[in-house]
Amino acid sequence: MPPKVKITKEMIEDASFEIIRKEGHENLNARTIAKYLNCSTQPVLYSFKTVDEIRESAYEMADRYHVGYIMPDENDDNPFLTLGLNYVRFGHEEKNLFRFLYQTDKFGGTDIDTLMGNPGLLEILKVVAKEMDCGIEEARKLFLIFFSVAHGLASLLANNSMKYDEEQITEMLKKAFYGMLSSGE
């Protein structure tokens, strides 16, 4: 008799990420993970105490994927603009992951300063600081303004069946970017 396939914690994490990516976070539960892995729910709940623990692990995976997705190349002519455009594109192309990351009340009870103080944001702020030739705190202020515009566009695309027009979005982000610079912010 062949040995049973062992369901690992990593397999459960990967399955959870893919379920959220394809079907949305609302469909993540022990049964959907077990079905995805072609096993019973027992190995799923053996590796994690609760589905909330699985969800938290999937959130961390989605966040890492998101950061990799939006980061500009080192040789990019305008990395700040590219960062915004990639963020909006992520909202359009990865609707379920975008909603999971930004529309599940993960940040409930926090304020903007806390959100902008997240250590995970540091790599993005370094790109902004380098591009804008400023310190991290100034980059944080600039990023917040620009992020608000990009997030609004990404949210519209993630939550509606809108046509993605990269040329139009690029123009909108450029206007926000250069408007922000000319206002002295």
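The values are calculated or read from the model by the stated rules, or taken from the named source; none is laboratory data. These numbers were taken from a predicted model, which means no experiment stands behind them. Every residue, glycine as well, gets a Cβ built from its backbone with ideal geometry; the counts of neighbours run over all protein chains shown.
Checking LYS141 against (1) assigned to a helix (DSSP H, G or I); (2) basic (Lys, Arg); (3) at pLDDT below 85, only one condition comes out false. Which one?
Looking at each condition in turn, LYS141 falls short on (3).
Consider LYS130 carefully, then state whether it is among the basic types (Lys, Arg), part of a helix (DSSP H, G or I), on the phi < 0 side of the Ramachandran plot and modelled with pLDDT under 90.
For LYS130, the condition - among the basic types (Lys, Arg), part of a helix (DSSP H, G or I), on the phi < 0 side of the Ramachandran plot and modelled with pLDDT under 90 - is met.
Within the bounds of the stretch 85-101, is there any residue that is in contact with a Phe, Trp or Tyr (Cβ under 7 Å, 6 or more places away or on another chain) and small (Gly, Ala, Ser)?
Yes, the stretch 85-101 contains a residue that is in contact with a Phe, Trp or Tyr (Cβ under 7 Å, 6 or more places away or on another chain) and small (Gly, Ala, Ser).
Would you check if LYS35 is closer than 16 Å to ARG99 by Cα and either at pLDDT 95 or above or not aromatic (Phe, Trp, Tyr) (or both)?
The answer is no for LYS35.
Check LEU115 against each of (1) closer than 29 Å to MET162 by Cβ; (2) surrounded by 15 or more Cβ atoms within 10 Å (Cβ to Cβ); (3) free of Cβ contacts under 8 Å to residues at least 12 places away in the same chain and name the one condition it does not meet.
Result: LEU115 fails condition (2) only.
Among the residues of the stretch 104-162 satisfying the criterion of being within 15 Å of the chain's Cα centre (by Cα) and β-branched (Val, Ile, Thr), which is nearest to ASN27 (Cα to Cα)?
The residue in question is THR104.
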